[in-house]
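**Student:** Can you keep this structure in mind? I'll have questions shortly.
The values are calculated or read from the model by the stated rules, or taken from the named source; none is laboratory data. Because the structure is a prediction, the values reported are computed rather than measured. Counting neighbours? That spans all protein chains shown, and the Cβs are built from the backbone with ideal geometry, glycine included. Surface accessibility is based on the protein's heavy atoms, side chains included, excluding ligands, DNA and RNA. Shrake-Rupley method; radii C 1.70, N 1.55, O 1.52, S 1.80 Å.
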Amino acid sequence: MSERVPASSARHPVGAVDRRHTILQRVAEEQTIHVGELARDLAVSEMTIRRDIRRLERDGFVRQTYGGATAHLTRSLDVAFNARALQHSPEKRLIGLRATQLVADARVLFIGIGTTAEQFARYLPTRPDLTVVTGSLTTASLLGTRPLRVVVLGGTVLHDELTCVGPTAIATLEQFRFDLAVIGAGGLSARWGITEESDDEAAVQRAAIDRAERVVVIADGSKVGTGLASVVGPASRVASLVTDRSAPSDELAALRRLGLEIIVTDQSAA
(Lines give C-alpha, C1' and ligand atoms only; values in the text may rest on other atoms or scores of the structure.)
Protein backbone atom coordinates (compact mmCIF):
# COMPACT_ATOMS: atom_id res chain seq x y z
CA MET A 1 0.00 0.00 0.00
CA SER A 2 1.44 3.38 -0.94
CA GLU A 3 2.05 6.13 1.58
CA ARG A 4 -0.24 9.04 0.79
CA VAL A 5 0.15 12.69 1.66
CA PRO A 6 -3.06 14.21 3.11
CA ALA A 7 -4.36 17.36 1.50
CA SER A 8 -3.69 19.39 4.63
CA SER A 9 0.07 18.80 4.23
CA ALA A 10 0.17 19.71 0.51
CA ARG A 11 1.62 23.22 0.04
CA HIS A 12 0.45 23.72 -3.53
CA PRO A 13 -1.90 21.90 -5.92
CA VAL A 14 -0.05 19.45 -8.17
CA GLY A 15 0.40 20.32 -11.86
CA ALA A 16 -1.59 18.52 -14.57
CA VAL A 17 1.24 16.31 -15.86
CA ASP A 18 2.25 15.28 -12.34
CA ARG A 19 -1.39 14.63 -11.41
CA ARG A 20 -1.88 12.29 -14.34
CA HIS A 21 1.34 10.49 -13.58
CA THR A 22 0.20 10.08 -9.98
CA ILE A 23 -3.11 8.63 -11.18
CA LEU A 24 -1.24 6.10 -13.33
CA GLN A 25 1.05 5.23 -10.41
CA ARG A 26 -1.97 4.66 -8.17
CA VAL A 27 -3.66 2.47 -10.79
CA ALA A 28 -0.40 0.58 -11.34
CA GLU A 29 -0.09 -0.15 -7.64
CA GLU A 30 -3.73 -0.84 -6.73
CA GLN A 31 -5.44 -1.42 -10.14
CA THR A 32 -8.14 1.10 -9.18
CA ILE A 33 -8.43 4.64 -7.79
CA HIS A 34 -11.22 6.79 -6.32
CA VAL A 35 -11.88 10.37 -7.38
CA GLY A 36 -12.65 11.83 -3.94
CA GLU A 37 -9.65 10.22 -2.29
CA LEU A 38 -7.28 11.35 -5.03
CA ALA A 39 -8.68 14.90 -4.99
CA ARG A 40 -7.95 15.13 -1.26
CA ASP A 41 -4.44 13.71 -1.69
CA LEU A 42 -3.56 16.16 -4.48
CA ALA A 43 -5.39 19.20 -3.04
CA VAL A 44 -7.52 19.75 -6.15
CA SER A 45 -11.22 19.50 -6.93
CA GLU A 46 -12.97 16.27 -7.87
CA MET A 47 -13.86 17.88 -11.21
CA THR A 48 -10.15 18.35 -11.94
CA ILE A 49 -9.47 14.68 -11.22
CA ARG A 50 -12.38 13.64 -13.44
CA ARG A 51 -10.94 15.73 -16.30
CA ASP A 52 -7.56 14.04 -15.78
CA ILE A 53 -9.20 10.60 -15.88
CA ARG A 54 -11.11 11.50 -19.06
CA ARG A 55 -7.84 12.57 -20.68
CA LEU A 56 -6.10 9.35 -19.62
CA GLU A 57 -9.05 7.32 -20.88
CA ARG A 58 -9.00 9.11 -24.23
CA ASP A 59 -5.29 8.31 -24.51
CA GLY A 60 -6.02 4.66 -23.78
CA PHE A 61 -4.42 4.35 -20.33
CA VAL A 62 -7.44 3.81 -18.06
CA ARG A 63 -11.12 2.98 -18.18
CA GLN A 64 -13.58 5.05 -16.18
CA THR A 65 -15.77 3.35 -13.61
CA TYR A 66 -18.31 4.79 -11.19
CA GLY A 67 -16.33 7.01 -8.83
CA GLY A 68 -12.87 6.27 -10.23
CA ALA A 69 -10.85 4.43 -12.84
CA THR A 70 -9.30 1.05 -13.47
CA ALA A 71 -6.43 -0.10 -15.66
CA HIS A 72 -7.26 -0.18 -19.35
CA LEU A 73 -8.49 -3.67 -20.25
CA THR A 74 -10.99 -2.90 -22.99
CA ARG A 75 -10.74 -5.11 -26.10
CA SER A 76 -7.64 -6.89 -24.83
CA LEU A 77 -6.93 -10.55 -24.38
CA ASP A 78 -7.02 -11.84 -20.83
CA VAL A 79 -3.51 -12.20 -19.45
CA ALA A 80 -2.67 -15.89 -19.09
CA PHE A 81 -3.62 -16.89 -15.56
CA ASN A 82 -0.56 -18.90 -14.73
CA ALA A 83 1.53 -18.83 -11.58
CA ARG A 84 4.07 -16.42 -13.05
CA ALA A 85 1.38 -13.87 -13.88
CA LEU A 86 0.26 -13.75 -10.25
CA GLN A 87 3.73 -13.43 -8.69
CA HIS A 88 5.02 -9.97 -7.67
CA SER A 89 2.11 -8.23 -9.44
CA PRO A 90 2.37 -4.79 -7.73
CA GLU A 91 6.14 -4.71 -8.31
CA LYS A 92 5.73 -5.62 -11.98
CA ARG A 93 3.15 -2.89 -12.51
CA LEU A 94 5.40 -0.22 -11.03
CA ILE A 95 8.44 -1.50 -12.93
CA GLY A 96 6.49 -1.42 -16.19
CA LEU A 97 5.21 2.08 -15.51
CA ARG A 98 8.67 3.41 -14.58
CA ALA A 99 10.26 1.89 -17.67
CA THR A 100 7.94 3.86 -19.96
CA GLN A 101 9.93 6.96 -18.99
CA LEU A 102 12.96 5.51 -20.82
CA VAL A 103 11.28 5.38 -24.23
CA ALA A 104 12.00 9.07 -24.97
CA ASP A 105 11.82 9.70 -28.73
CA ALA A 106 12.33 6.08 -29.87
CA ARG A 107 10.35 5.40 -33.03
CA VAL A 108 10.89 1.66 -33.47
CA LEU A 109 10.49 -0.33 -30.28
CA PHE A 110 10.75 -4.04 -29.51
CA ILE A 111 8.78 -5.32 -26.50
CA GLY A 112 9.77 -8.73 -25.23
CA ILE A 113 7.90 -11.55 -23.57
CA GLY A 114 6.70 -12.01 -20.02
CA THR A 115 4.25 -10.47 -17.59
CA THR A 116 6.47 -7.51 -16.68
CA ALA A 117 6.77 -6.60 -20.37
CA GLU A 118 2.98 -6.75 -20.60
CA GLN A 119 2.72 -4.20 -17.79
CA PHE A 120 5.14 -1.95 -19.67
CA ALA A 121 2.89 -2.19 -22.73
CA ARG A 122 -0.16 -1.35 -20.64
CA TYR A 123 1.30 2.02 -19.62
CA LEU A 124 3.24 2.85 -22.78
CA PRO A 125 2.48 6.36 -24.10
CA THR A 126 1.50 5.95 -27.73
CA ARG A 127 1.90 8.21 -30.75
CA PRO A 128 1.23 7.76 -34.48
CA ASP A 129 4.92 7.66 -35.45
CA LEU A 130 5.73 4.81 -33.04
CA THR A 131 6.14 1.22 -34.31
CA VAL A 132 6.09 -1.60 -31.76
CA VAL A 133 7.28 -5.08 -32.70
CA THR A 134 6.49 -7.89 -30.28
CA GLY A 135 6.25 -11.64 -30.03
CA SER A 136 3.62 -11.44 -27.30
CA LEU A 137 0.00 -11.80 -28.40
CA THR A 138 -1.13 -10.27 -25.10
CA THR A 139 1.03 -7.20 -25.64
CA ALA A 140 -0.20 -6.88 -29.23
CA SER A 141 -3.80 -6.97 -28.03
CA LEU A 142 -3.14 -4.32 -25.37
CA LEU A 143 -1.70 -1.96 -27.98
CA GLY A 144 -3.67 -2.94 -31.06
CA THR A 145 -6.59 -0.55 -30.49
CA ARG A 146 -4.36 2.44 -29.70
CA PRO A 147 -2.84 5.03 -32.07
CA LEU A 148 0.43 3.38 -33.16
CA ARG A 149 1.67 0.68 -35.53
CA VAL A 150 1.89 -2.83 -34.03
CA VAL A 151 3.74 -5.74 -35.68
CA VAL A 152 3.40 -9.30 -34.34
CA LEU A 153 6.27 -11.67 -35.11
CA GLY A 154 4.19 -14.71 -36.03
CA GLY A 155 5.48 -18.25 -35.81
CA THR A 156 4.80 -20.99 -33.29
CA VAL A 157 2.74 -19.85 -30.30
CA LEU A 158 3.70 -21.10 -26.84
CA HIS A 159 0.40 -21.98 -25.19
CA ASP A 160 1.21 -20.93 -21.61
CA GLU A 161 2.82 -17.61 -22.52
CA LEU A 162 0.93 -16.70 -25.72
CA THR A 163 4.26 -15.76 -27.33
CA CYS A 164 5.63 -16.38 -30.82
CA VAL A 165 8.87 -18.31 -31.28
CA GLY A 166 10.68 -20.26 -33.98
CA PRO A 167 12.17 -19.51 -37.43
CA THR A 168 9.21 -17.41 -38.63
CA ALA A 169 9.43 -15.13 -35.59
CA ILE A 170 13.17 -14.66 -36.05
CA ALA A 171 12.79 -14.04 -39.79
CA THR A 172 10.33 -11.23 -39.02
CA LEU A 173 12.76 -9.70 -36.53
CA GLU A 174 15.44 -9.61 -39.22
CA GLN A 175 13.35 -7.09 -41.17
CA PHE A 176 13.71 -4.43 -38.43
CA ARG A 177 16.21 -2.39 -36.51
CA PHE A 178 15.17 -1.03 -33.11
CA ASP A 179 15.89 2.24 -31.37
CA LEU A 180 15.07 0.47 -28.13
CA ALA A 181 14.40 -3.10 -27.00
CA VAL A 182 12.53 -3.46 -23.70
CA ILE A 183 12.68 -7.04 -22.55
CA GLY A 184 11.76 -9.09 -19.54
CA ALA A 185 14.23 -11.72 -18.41
CA GLY A 186 13.96 -15.05 -16.69
CA GLY A 187 17.22 -14.11 -15.02
CA LEU A 188 19.85 -11.36 -15.07
CA SER A 189 23.24 -11.59 -13.39
CA ALA A 190 26.68 -10.10 -13.79
CA ARG A 191 28.13 -13.57 -14.38
CA TRP A 192 25.60 -15.15 -16.74
CA GLY A 193 23.99 -12.07 -18.25
CA ILE A 194 20.41 -12.26 -19.57
CA THR A 195 19.00 -15.78 -19.41
CA GLU A 196 15.70 -17.49 -20.24
CA GLU A 197 13.99 -20.76 -19.39
CA SER A 198 13.88 -22.18 -22.93
CA ASP A 199 16.06 -22.11 -26.03
CA ASP A 200 13.12 -20.91 -28.16
CA GLU A 201 12.45 -17.87 -25.96
CA ALA A 202 16.16 -17.09 -25.71
CA ALA A 203 16.59 -17.20 -29.49
CA VAL A 204 13.88 -14.56 -30.05
CA GLN A 205 15.22 -12.29 -27.31
CA ARG A 206 18.77 -12.72 -28.67
CA ALA A 207 17.76 -11.78 -32.20
CA ALA A 208 15.93 -8.70 -30.91
CA ILE A 209 18.76 -7.28 -28.81
CA ASP A 210 21.23 -7.92 -31.64
CA ARG A 211 19.19 -5.47 -33.73
CA ALA A 212 18.67 -2.84 -31.01
CA GLU A 213 20.59 0.38 -30.41
CA ARG A 214 19.72 0.30 -26.71
CA VAL A 215 18.46 -2.47 -24.41
CA VAL A 216 16.40 -2.05 -21.23
CA VAL A 217 15.70 -5.05 -19.00
CA ILE A 218 12.64 -4.92 -16.77
CA ALA A 219 12.62 -7.58 -14.07
CA ASP A 220 11.39 -7.88 -10.50
CA GLY A 221 13.97 -8.49 -7.79
CA SER A 222 13.50 -12.26 -7.79
CA LYS A 223 15.06 -12.42 -11.28
CA VAL A 224 18.18 -10.41 -10.40
CA GLY A 225 21.16 -12.61 -9.63
CA THR A 226 19.44 -15.61 -11.19
CA GLY A 227 20.89 -17.64 -14.06
CA LEU A 228 18.65 -19.93 -16.12
CA ALA A 229 19.58 -22.54 -18.73
CA SER A 230 19.55 -20.51 -21.97
CA VAL A 231 21.80 -17.48 -22.38
CA VAL A 232 20.42 -14.50 -24.30
CA GLY A 233 23.38 -12.14 -24.04
CA PRO A 234 25.94 -10.59 -21.68
CA ALA A 235 24.86 -8.15 -18.99
CA SER A 236 27.13 -5.53 -20.54
CA ARG A 237 24.73 -5.40 -23.53
CA VAL A 238 22.09 -3.87 -21.21
CA ALA A 239 21.93 -0.08 -20.86
CA SER A 240 19.39 0.05 -18.02
CA LEU A 241 17.79 -2.34 -15.54
CA VAL A 242 14.48 -1.39 -13.94
CA THR A 243 13.75 -3.51 -10.88
CA ASP A 244 12.37 -3.26 -7.33
CA ARG A 245 13.83 -3.03 -3.84
CA SER A 246 13.91 -6.79 -3.32
CA ALA A 247 16.80 -7.14 -5.80
CA PRO A 248 20.02 -8.24 -4.01
CA SER A 249 22.23 -5.21 -3.39
CA ASP A 250 25.49 -7.07 -4.07
CA GLU A 251 24.23 -8.18 -7.49
CA LEU A 252 23.07 -4.65 -8.33
CA ALA A 253 26.53 -3.38 -7.39
CA ALA A 254 28.14 -5.95 -9.70
CA LEU A 255 25.85 -4.91 -12.55
CA ARG A 256 26.67 -1.24 -11.96
CA ARG A 257 30.36 -2.06 -12.30
CA LEU A 258 29.56 -3.45 -15.75
CA GLY A 259 28.11 -0.07 -16.72
CA LEU A 260 24.38 -0.68 -16.26
CA GLU A 261 22.11 2.12 -15.13
CA ILE A 262 20.12 0.69 -12.20
CA ILE A 263 16.64 2.09 -11.57
CA VAL A 264 14.90 0.78 -8.44
CA THR A 265 11.19 1.45 -8.02
CA ASP A 266 9.83 2.21 -4.58
CA GLN A 267 6.20 1.56 -3.69
CA SER A 268 6.28 4.11 -0.87
CA ALA A 269 7.25 6.79 -3.40
CA ALA A 270 4.09 6.05 -5.36
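**Student:** What about Phe176, is it part of a helix (DSSP H, G or I) and either aromatic (Phe, Trp, Tyr) or open to solvent by 40 Å² or more (accessible area, probe 1.4 Å) (or both)?
**Tutor:** Numbers: part of a helix (DSSP H, G or I): no; either aromatic (Phe, Trp, Tyr) or open to solvent by 40 Å² or more (accessible area, probe 1.4 Å) (or both): yes.
No: the conditions fail for Phe176.
**Student:** State yes or no: is Ile194 assigned to a helix (DSSP H, G or I), crowded, with 20+ Cβ neighbours inside 10 Å and in contact with a strand residue (DSSP E or B) (Cβ under 7 Å, 6 or more places away or on another chain)?
**Tutor:** no
**Student:** Scan region 127-136 for residues that are in contact with a strand residue (DSSP E or B) (Cβ under 7 Å, 6 or more places away or on another chain) and either without any contact (Cβ under 8 Å) to a residue 24 or more places away in the chain or farther than 12 Å from Ala117 by Cα (or both) and jot them down. Give the derivation first.
**Tutor:** Of region 127-136, the ones in contact with a strand residue (DSSP E or B) (Cβ under 7 Å, 6 or more places away or on another chain) are 130-136.
Answer for region 127-136, where residues must be in contact with a strand residue (DSSP E or B) (Cβ under 7 Å, 6 or more places away or on another chain) and either without any contact (Cβ under 8 Å) to a residue 24 or more places away in the chain or farther than 12 Å from Ala117 by Cα (or both): Leu130, Thr131, Val132, Val133.
**Student:** Can you find, within region 1-47, the residue that is nearest to Thr126 (Cα to Cα) among those that are modelled with pLDDT of 75 or more, in contact with a Leu (Cβ under 8 Å, 6 or more places away or on another chain) and not hydrophobic (A, V, I, L, M, F, W, C)?
**Tutor:** Among them, the one singled out is Arg20.
**Student:** Considering (1) modelled with pLDDT under 95; (2) more than 30 Å from Asp250 (Cβ to Cβ); (3) crowded, with 21+ Cβ neighbours inside 10 Å, say which one Val157 fails and leave the rest.
**Tutor:** So the condition that Val157 fails would be (3).
**Student:** Say whether the condition of being in contact (Cβ under 8 Å) with a residue 60 or more places away in the chain, part of a helix (DSSP H, G or I) and under 19 Å from the mean Cα position of the chain (by Cα) is met by at least one residue in region 225-245.
**Tutor:** Here is the first cut: in region 225-245, the residues in contact (Cβ under 8 Å) with a residue 60 or more places away in the chain are 240, 242-244.
If we keep only those that are part of a helix (DSSP H, G or I) too, we end up with none.
So far as region 225-245 goes, no, none of its residues is in contact (Cβ under 8 Å) with a residue 60 or more places away in the chain, part of a helix (DSSP H, G or I) and under 19 Å from the mean Cα position of the chain (by Cα).
**Student:** Still on this model: Anything in region 246-270 that is of a type in the set (A, V, I, L, M, F, W, C), open to solvent by 10 Å² or more (accessible area, probe 1.4 Å), more than 17 Å from Arg93 (Cα to Cα) and touching a residue at least 40 places away in the same chain (Cβ under 8 Å)? List them, or say none.
**Tutor:** Residues satisfying the conditions are Ala254, Leu258.
**Student:** Okay, moving on. Just give me the residues in region 199-224 being open to solvent by 10 Å² or more (accessible area, probe 1.4 Å) and either part of a loop (DSSP other than H, G, I, E, B) or touching a Cys at 6+ places or on another chain (Cβ under 8 Å) (or both), in sequence order.
**Tutor:** Those that are open to solvent by 10 Å² or more (accessible area, probe 1.4 Å) and either part of a loop (DSSP other than H, G, I, E, B) or touching a Cys at 6+ places or on another chain (Cβ under 8 Å) (or both): Arg211, Glu213, Arg214.
**Student:** Related question: Given the criterion over 22 Å from Val232 (Cα atoms), open to solvent by less than 10 Å² (accessible area, probe 1.4 Å), modelled with pLDDT under 90 and not in a helix (DSSP H, G or I), identify the matching residue among Ala69, Ala80. Step through it out loud before you land on a result.
**Tutor:** Working: Ala80 fails: open to solvent by less than 10 Å² (accessible area, probe 1.4 Å).
Answer to the check: Ala69.
**Student:** Just to be sure before I move on: is Ala185 open to solvent by less than 40 Å² (accessible area, probe 1.4 Å), assigned to a loop (DSSP other than H, G, I, E, B) and under 23 Å from Ala106 (Cβ atoms) in the structure I sent?
**Tutor:** Details: open to solvent by less than 40 Å² (accessible area, probe 1.4 Å): yes; assigned to a loop (DSSP other than H, G, I, E, B): yes; under 23 Å from Ala106 (Cβ atoms): yes.
Criteria met by Ala185.
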